[in-house]
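Below is one structure; the comments refer to it alone.
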Amino acid sequence: MPASDRLKRLLLDTIANNVNEMTLGFDGTPATSSDGSAGRPAVTIKPTVTILDDTSLLIEGNLGTDHSFADSITEVYIQFKNADSEFTPIARHVIKPIVKTVGNEMKVQVLMEVR
């Protein structure tokens, strides 16, 4: 028997309410479902999480012109971090390399489907 619709929505709400960190980094190695952290973190930002429907979340992070890096940004790591600095990995994604300088802004959008 599949999970009920109410349970799926509870899971979606729980994830949405607990995502509170997005780390952008330089590690372009393949992402797996067992990744436990960002490989080579560059910066951690607070994302905005929007519930799109009963199975989808949009997680967005912005990086303004005050950041510049010598290496290209190639990974996005999303996690929940509590007050005791314990964290729970949510997802890690490898992206096309982005050169981030003080001359550009960066908006990262991750669409997450929860089934």
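So for segment 37-47 (the condition being out of contact with any Lys or Arg (no Cβ under 9 Å at 6 or more places or on another chain), closer than 16 Å to VAL110 by Cβ and not β-branched (Val, Ile, Thr)), does at least one residue qualify? Within segment 37-47, one or more residues are out of contact with any Lys or Arg (no Cβ under 9 Å at 6 or more places or on another chain), closer than 16 Å to VAL110 by Cβ and not β-branched (Val, Ile, Thr). Sub-9 Å Cβ pairs linking a first residue in segment 88-106 that is closer than 21 Å to GLY64 by Cβ to a second residue that is of a type in the set (Phe, Trp, Tyr) and assigned to a loop (DSSP other than H, G, I, E, B), at least 6 apart or interchain, are VAL99/PHE69; LYS100/PHE69; THR101/PHE69, ordered by first then second residue. Segment 30-115 holds strands (runs of 3 or more DSSP E) entirely within its bounds, and those carrying 1 or more residues that are touching a Gly at 6+ places or on another chain (Cβ under 6 Å), surrounded by fewer than 16 Cβ atoms within 10 Å (Cβ to Cβ) and modelled with pLDDT under 95 map to 41-45, 87-98.
The values are calculated or read from the model by the stated rules, or taken from the named source; none is laboratory data. Since this is a predicted model, take the numbers as computed values, not measurements. With ideal geometry, Cβ positions are generated from the backbone for all residues, glycine too; neighbour counts draw on all protein chains shown.
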